[in-house]
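A short worksheet on the structure shown next.
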Amino acid sequence: MSGRTEGGAKERGTSRSPPMTAYLLKRLAIGLVTLVAASVVVFAVLEIVPGDPARLMLGMNATPDAVAALREQLGLDQPVLWRYLAWAGGLLTLDFGRSYTYSSPVIDLIAERTAVSLPLALIALLLTTAIAIPVGLFAAARRGRATDAVAMGLSQLGVAVPNFWFALLLVYVFAVWLRLVPAGGFPGWSAGAWPALKALVLPAVALALPQAAILARVTRSALLEVLGEDYIRTARAKGLPRSYVLRRHALRNALIPVLTIIGLQFAFLLAGTIIIENVFYLPGLGRLVFQAITQRDLIVVEGVVMLLVGAVVLVNLLVDLSYALVDPRLRART
């Protein structure tokens, strides 16, 4: 009898806790649906933009023969559904088309610029996390004290001040005055890892400071909410030091909103670097999009936008998986 009871309990426990594979498959399905919907929106937006895309690329003074040739090259003389399916099929094979302005495959342009933007975003995200979580812990542990007010005041200042102002200030101090790092440009990875990383330091700091201010405030709020739970009071009642309880018990249970913000920030850092890359003359994705828009190179804009959408979906998937690792109870709710 007890064996059947134990077996039934195990079966019920298994049914209440789906395996990690089911959780992963569900998130993958959501990501695929998001990518398909995004591709439809991106394609449709460029379809409904007033004017002929070929004439926009060539300019208003282009001859009708040149416009007709470019329309045929871009496949604009085909039915809309056929053009969407051909474009979406090219995305699956990483064939984003050919840039009219640069006369080269879009995927080659993206790969070249990603070698700058991706390391820049990763360095900025590491700096953001390294600054924000200790500051959030520090402020939460000293709630209501003068040091808490100072930390949150500085974080509010970081949120309010635009990152391009930080960028100009950093250039003046560290490049013009102290001459420790270059003021702009990128030597390329072929010049060596250290010169390339040195050129990315100031842009990464300029990107990281405002994001660290946001993440520090979120970390503090999440920790203060967790510190009011019963299990925290029980741990303190057992005589554990407050700092130990804060680091080992409260922080892990406060990571869900923190991970959410980190995931959103990485997507922003990868996609929203247009201003910073132009301030520092970095040949990254942001500058590529800016140049493609000014030169009316719509094929490049389409390719970069879909790449960034894919990056956001991938980051969100990784964040969802990190939720399940931090709190396994979330898998049982899916």
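The values are calculated or read from the model by the stated rules, or taken from the named source; none is laboratory data. Not measured: the values here are computed from a predicted model. In this analysis, Cβ positions are derived from the backbone assuming ideal geometry, glycine residues included, and neighbour counts consider all displayed protein chains. Note: accessible area is taken over every heavy atom of the protein model, side chains too, but ligands, DNA and RNA are not part of it. Shrake-Rupley method; radii C 1.70, N 1.55, O 1.52, S 1.80 Å.
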Query raised in the report: Among the residues of region 168-178, is any without any contact (Cβ under 8 Å) to a residue 40 or more places away in the chain, within 19 Å of I123 (Cβ to Cβ) and open to solvent by 70 Å² or more (accessible area, probe 1.4 Å)?
Result: yes
Query raised in the report: Filter region 311-334 for residues that are over 15 Å from G263 (Cα atoms), touching a helix residue (DSSP H, G or I) at 6+ places or on another chain (Cβ under 8 Å) and not basic (K, R); which is modelled with the highest pLDDT?
Result: D327
Report task. Inspect all residues belonging to region 285-298 and state whether any of them is among the basic types (K, R), over 22 Å from R27 (Cβ atoms) and at pLDDT below 85. Result -> yes
Query - Subset of region 53-91 that is charged (D, E, K, R) and surrounded by 14 or more Cβ atoms within 10 Å (Cβ to Cβ) - its residue that is modelled with the highest pLDDT - result: R83
Report task. For region 272-304, enumerate the residues that are in contact (Cβ under 8 Å) with a residue 12 or more places away in the chain and among the β-branched types (V, I, T). Result -> T273, I274, I275, I276, V279, V289, I299, V300, V301, V304
Query raised in the report: Which one of these does G185 not meet: (1) on the phi > 0 side of the Ramachandran plot; (2) under 25 Å from the mean Cα position of the chain (by Cα); (3) open to solvent by 60 Å² or more (accessible area, probe 1.4 Å)?
Result: (3)
Report summary line: Given (1) assigned to a helix (DSSP H, G or I); (2) open to solvent by less than 70 Å² (accessible area, probe 1.4 Å); (3) modelled with pLDDT under 80, E11 misses just (2)
Requested in this report: Pull up region 140-159, narrow it to residues that are under 26 Å from the mean Cα position of the chain (by Cα) and among the hydrophobic types (A, V, I, L, M, F, W, C), then point me to the one that is surrounded by the fewest Cβ atoms within 10 Å (Cβ to Cβ).
Outcome: L157
Query raised in the report: Within the group L122, L109, L94, which residue is closer than 27 Å to V40 by Cβ and open to solvent by 30 Å² or more (accessible area, probe 1.4 Å)?
Result: L94
Requested in this report: Would you kindly identify the helices (runs of 4 or more DSSP H) lying entirely within region 230-282 that contain at least 1 residues that are open to solvent by less than 60 Å² (accessible area, probe 1.4 Å), modelled with pLDDT of 85 or more and at negative phi?
Outcome: 255-271, 274-279
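Take V116 and decide whether it is touching a Leu at 6+ places or on another chain (Cβ under 7 Å), farther than 30 Å from S243 by Cβ and assigned to a helix (DSSP H, G or I). Reasoning before the result, please.
Working: touching a Leu at 6+ places or on another chain (Cβ under 7 Å): yes; farther than 30 Å from S243 by Cβ: yes; assigned to a helix (DSSP H, G or I): yes.
Considered against the rule, which asks whether it is touching a Leu at 6+ places or on another chain (Cβ under 7 Å), farther than 30 Å from S243 by Cβ and assigned to a helix (DSSP H, G or I), V116 comes out as yes.
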